[in-house]
Structure formats: structure tokens, C-alpha cells
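The values are calculated or read from the model by the stated rules, or taken from the named source; none is laboratory data. Predicted, not measured: the structure shown is a model, and the values here were computed from it. When we count neighbours, we look across all protein chains shown, and the Cβ atoms used for this are built from the backbone with ideal geometry, even at glycine.
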Amino acid sequence: MDNRLTPLFSRRSVRRYSDRPLAPADVTALLEAGMAAPSASNRRPWHFVTITDPGRLAGLASIHPHGKMLARAGLGIAVCGDRDAEVRRFFDIPDGFGVLCLIAAGHPAEQPPARTQYDPARVHLERW
């Protein structure tokens, strides 16, 4: 295996969490990493709603069919996107489904420097 891919392949899903809360700096680092992703024309159509309240996390876990692990997590993040920027009609995707992201892959023609695109105005605490 290509060593550059080790972080991708060593990722594992976690469904049980300790009671230890996440430090605010760690939450910000996660959001910074998410906002480092590229977007078409650098439009950055994302917004993030962070949830740390145990009651709200349990409530979200009870209504989301794939979110049961949220009930015991220290943090939940809802990744939202600008629906006007999506491409559902291009692919004839039916109502009720959406495009979460598009991925382009290939060999890079340039090596731009690393940067953060963290924007605290796109993080919403507990509610939008």
C-alpha cells in the first residue's frame, strides 16, 4: 500500500465514546480540517451546526436512522450545504436525495501551499 494513503486506510468508525468532553480547540481543529476541502470556484457552500448538549444529541440520535451513536458522543456536527449549488438535475437525482459532494481525482499539476479556510461565521452552536 502507498504510505501516503495510510491515514485514509487506517480510519475507523467509532460508535462508543468516553465521557471525556472535547476541548473547544479540538472542535475548532476538526472544523478547520473540514473547511480546508476544495469547492468549485472557492464558493465554500458549507455550513456546520455543532451540537454538544447531551439532550439534543440524544434527540438527534432518536430521529436519525443512522445516528444512534450520537446519543453518547461528545459532539455532533451537521454538515449543511447550499442547495442552490447542487447538481441534482444534472444527474436526474429524485427528490429526497441530494449530492453531498463531488470528488475530482488525478495527479496534481501543482503543489499549492497548505492553508486553512476555517470561518467561524459558518459554525452554528446547537442551532443554526
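General observations
- The residues of region 29-46 that are at pLDDT 90 or above and either out of contact with any strand residue (DSSP E or B) (no Cβ under 8 Å at 6 or more places or on another chain) or assigned to a strand (DSSP E or B) (or both), listed by number, are Ala29, Glu32, Ala33, Ala36.
- For first residues located in region 5-32 and touching a residue at least 60 places away in the same chain (Cβ under 8 Å) and surrounded by 10 or more Cβ atoms within 10 Å (Cβ to Cβ), partners that are assigned to a loop (DSSP other than H, G, I, E, B) and of a type in the set (Val, Ile, Thr) and lie 6+ apart or on another chain with Cβ distances below 8 Å form the pairs Glu32/Thr116.
- Qualifying residue in region 47-58 (condition: closer than 21 Å to Arg122 by Cβ and assigned to a helix (DSSP H, G or I)): yes
- Top-ranked residue of region 56-74 - restricted to ones that are within 10 Å of Tyr17 (Cα to Cα) and either in contact with a Ser or Thr (Cβ under 6 Å, 6 or more places away or on another chain) or touching a residue at least 24 places away in the same chain (Cβ under 8 Å) (or both), ranked as surrounded by the most Cβ atoms within 10 Å (Cβ to Cβ): Ala73
- Residue in region 36-50 that is under 17 Å from Val79 (Cα atoms), among the charged types (D, E, K, R) and loosely packed, with under 12 Cβ neighbours inside 10 Å present: yes
- Of all residues making up region 1-24, the number that are in a helix (DSSP H, G or I) and over 20 Å from Leu57 (Cα atoms): 7
- Within this structure, Ala61 fails the test of being in contact with a strand residue (DSSP E or B) (Cβ under 9 Å, 6 or more places away or on another chain) and closer than 18 Å to Trp128 by Cβ.
- Criterion: modelled with pLDDT under 85, polar (S, T, N, Q) and out of contact with any Gly (no Cβ under 6 Å at 6 or more places or on another chain) - qualifying residue of Ser13, Ser62, Ser18: Ser13
- Filtered by the rule that a residue be part of a loop (DSSP other than H, G, I, E, B) and hydrophobic (A, V, I, L, M, F, W, C), region 59-97 gives Ala73, Leu75, Val87, Ile93, Phe97.
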